[in-house]
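Read the structure below first, then the notes.
Any read-out appearing in this document is the output of simple, stated calculations on the displayed coordinates, not a laboratory observation. Every value quoted in this text rests on a predicted model; they were computed, and no experiment measured them. Virtual Cβ from ideal backbone geometry, glycine too; neighbours counted across all protein chains shown.
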Amino acid sequence: MSHSEQSMGITMRIESSVLTGALSAIALALGTAPSQAQHNEEINGGADPYVMDTDFLKLPAGRIIGSTVTVELDRDGESLWVFDRCGGHLCIGTDVAPIQKFDADGNLVKSFGAGMFVRAHGLHIDFEGNVWVTDDQGPDGKDPRRDGMGHQVFKFSPDGELLMTLGTAGVAGEGPNTFNRPSAVFVAPDGSIFVGDGHGGNTNARVVKFAPDGTFIKSFGRRGTGPGEFATAHSLAMDSQGRLFVGDRENDRIQIFDQDGNFLDAWTQFGRPSDVHIDANDMIYVADSQSDDVHDGADIRPDWKEGIRIGSARDGTVTAFIADPDGDGSQEGVVANRSDVVYASRTGDMGLRRYTKR
């Protein structure tokens, strides 16, 4: 099959999935395409059963939450881990600890990681409660404080002890122990480590798999728009079947793989994914923070609203939509606890939101 034929197949599945959640070109061929009004209602008009709260965090005097891409839950299912950019948009030149844990009432429990990062990005809490983070920038040839830092993945104990480092400090590359702006990290139940490596532009566009001890196993993916290709592997999640969900943000889709990197499917009905979270019941939460953004003078996806789409990771059905009240491209991260509380992290305007059921 040619590249153009592959792309056409994905496009057909895109149109079909909005109506049925079944991403099949055959289903589209047998069905009827939706009208534009139906299309907009399907993708932007889901139920919104949540109320927003922006004042739940209790921080020490003088400390504010900075630009925050991802948030995660502790193993207790209620406490919240936050990896912010040290009260601003970068961590260079500060002594602020960017990794923070809050209890369910928003009280700060612990913090660590000061002086270790250029720019905070990905965050993951593994099945043992260890804290994994990615530093998605490095030296820029201008600020010497960046030299010898960045382009790495770190594993900490829940108390902040550094347990493992992947990547070479300050070196951007595409080898077995170098990254170029790693965006995301996820640890499978068997301990295998997956890293979403790249952040668009002239960076990598791949997923890298490591053994539990950090030994390189393989990488898969390359820059492109076809099946198994990425523009930005911005987020990672896994369902109860062990399928790896990759938020391929600049390609406006979630791609699904087995743990050997074999392509299984592509979903577009959840918008332009900045973050993907799947809970123990296979409910999927997807933060779309860029559909309303303007690029080269035009909206990226003018018929899609920014917000959080909620549905089933089993069949791809979208059941609810929490609209971003600002629609400013800031609401990038999402996680939901077992009490149906949804947390959303903010980048551009900095901060966190908590959504509770009405």
For region 84-220, what is Rg from Cα atoms divided by 2.2 N^0.38 Å, rounded to two decimals?
1.02
What is the distance, in nm, between label points placed 7 Å from the Cα along the Cα-to-Cβ direction at D140 and at T94?
1.5
In nm, to one decimal, how far is the modelled label at K218 from the one at V51, with both set 7 Å along Cα→Cβ?
5.0
Would you mind checking region 115-132 for residues with the amide N under 11 Å from a putative spin-label position 7 Å along Cα→C-beta of A169?
116-117
Could you order the peptides 119-126, 238-245, 193-200, 223-230 from most to least packed, using the average number of other C-beta atoms within 10 Å per residue?
193-200, 119-126, 223-230, 238-245
Sort 50-61, 303-314, 268-279 by packing, meaning the average of other beta carbons within 10 Å per residue, with the highest value first.
268-279, 303-314, 50-61
Cα extents of region 59-132 along the three principal axes, largest first, in whole Å?
33, 25, 17
Along principal axes, Cα extents of region 96-155, largest first, whole Å
42, 23, 12
Size of charge dipole - region 167-264 - debye, nearest 20, with Cβ of Lys, Arg +1 and Asp, Glu -1, no other charges:
200
As I understand it, the dipole of region 73-173 uses +1 on the Cβ of Lys and Arg and -1 on the Cβ of Asp and Glu, about the Cα centre. Which of V96, M149, G113 lies farthest toward its positive end?
M149
Using the alpha carbons of region 183-227, what is the convex hull volume per residue in cubic angstrom, as a whole number?
77
